[in-house]
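Worksheet: one structure, shown below.
The values are calculated or read from the model by the stated rules, or taken from the named source; none is laboratory data. Just so we're clear, the structure is a prediction, and the values are computed from it rather than from any experiment. Cβ: placed from backbone, ideal geometry, glycine included. Neighbour counts: every protein chain shown.
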Amino acid sequence: MKAIYRKAFSNYLYEKIGLLLFLSLLNLITPKVYPTNITVSDTIKTDTTWSGVDTVIVTGDLVIDSTAKLIIEPGLVIDFKGWYRLTVHGIINAIGALGDTIIFTRSDTTDFHIENSVSGAWRGIILENKTNTADSFVFRFCKIEYIKDEGDNLSPATINYLDGYQLNIERSLIKDNRGGIKANGANSVYIDSCTFANNNKYKYYYTTYDYTNKCFDIYSENASNINITYNTFVTSTVRVIYTNNSSDISIIDNSITAIARINEISGVLWYMYIQECEGPVEIRKNSLIKNEGAASGINITASEAIIDSNTFLLNVI
């Protein structure tokens with residue numbers, strides 16, 4: 001009788017242990033279920049990480065407070081549901097991965113192509129803080145699209161870098177916007193291995209001022225330590241790189257191709273316009289191929305300049 005009891009008890013234990021092991025394994029292999037999206041607006045005042053969702057829906061102007069750090073993990077879509085702006089007074093690290101890009105966009109682009117309208121667009125990104133850290137503003141493996149900024153009397157902007165320790169934009173796609181990267185009075189700009197495309201395809205007149213002649217893929221004034229390397233500029237109708245009253249500039253190994261004619265603009269346009277800059281200014285190993293319009297290649301006045309090994313081919317006035 002005791003033997004029978006022991007056998008039955010052993011079988012019971014084996015069954016329970018087996019069930020527990022099965023449930024443990026099932027918990028390990030079953031993915032956690034996350035919400036598909038979250039909704040944000042107003043001000044982020046504490047350190048925040050966006051992760052574990054498909055989409056972050058922005059329903060109003062969004063501000064990152066000077067006390068806060070926002071981390072955006074790979075694969076997220078940041079969807080602005082109206083003409084809203086992201087302003088960063090703290091820190092932003094938007095670091096995607098190869099094949100797992102972070103996308104800043106507006107999903108409803110209805111009427112984006114219409115002039116004199118902000119329909120189908122969002123308002124862009126402003127970066128301004130005095131934090132002395134190299135990771136203040138980092139965008140890596142990002143796609144930034146469908147922005148119409150009102151600009152000022154100089155240039156509209158997709159990302160407007162006003163003040164900070166350093167801006168890093170790497171391996172990202174900036175496309176289909178009204179304006180590009182703007183750094184006025186800022187320090188340490190690193191734009192590396194990015195693609196700029198169609199960033200003046202759609203005009204937007206915020207006032208009666210015609211911004212077409214003032215739109216650039218990269219614009220800087222009164223800035224220092226500007227590094228523009230290994231980028232591709234393609235199928236735009238803009239002046240590509242403009243810098244004025246700046247210092248320590250490196251424009252190296254960039255490709256400028258298929259920049260289209262702007263019929264409504266008279267005068268001479270320059271693909272690179274570098275004026276009244278302090279040295280060293282280094283422009284090397286860039287290629288300007290198959291561009292058209294009332295344009296010339298490089299216009300530069302600088303106290304110290306190195307222009308070497310650039311390629312000009314099949315450009316048409």
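For this structure, a couple of remarks:
- Of GLY82, GLY120, all but one fail to be farther than 19 Å from ASN37 by Cβ and of a type outside the set (D, E, K, R); the exception is GLY120.
- Qualifying positions in segment 250-270 - surrounded by 20 or more Cβ atoms within 10 Å (Cβ to Cβ) and either at pLDDT below 95 or not assigned by TED's automatic domain parsing to the domain that holds ILE228 (or both): ILE256, ILE259, ILE262, LEU269
- Residue check, ASN225 surrounded by fewer than 17 Cβ atoms within 10 Å (Cβ to Cβ), at pLDDT below 90 and not in a loop (DSSP other than H, G, I, E, B): no
- Residue that is farthest from ASP65 (Cα to Cα) [pool: residues in segment 110-129 that are among the hydrophobic types (A, V, I, L, M, F, W, C) and at pLDDT 85 or above]: PHE112
- Among the criteria (1) farther than 17 Å from ILE169 by Cβ; (2) without any contact (Cβ under 8 Å) to a residue 60 or more places away in the chain; (3) buried (at least 16 other Cβ atoms within 10 Å of the Cβ), the one GLY99 does not fulfil is (3).
- Considering the conditions (1) surrounded by 15 or more Cβ atoms within 10 Å (Cβ to Cβ); (2) touching a strand residue (DSSP E or B) at 6+ places or on another chain (Cβ under 7 Å); (3) not aromatic (Phe, Trp, Tyr), SER107 is excluded by exactly one of them, (1).
- Index of the failed condition, GLY90 passing every other in (1) surrounded by 20 or more Cβ atoms within 10 Å (Cβ to Cβ); (2) under 12 Å from the mean Cα position of the chain (by Cα): (2)
- Residue match in segment 92-108 (condition: at positive phi and modelled with pLDDT under 95): yes
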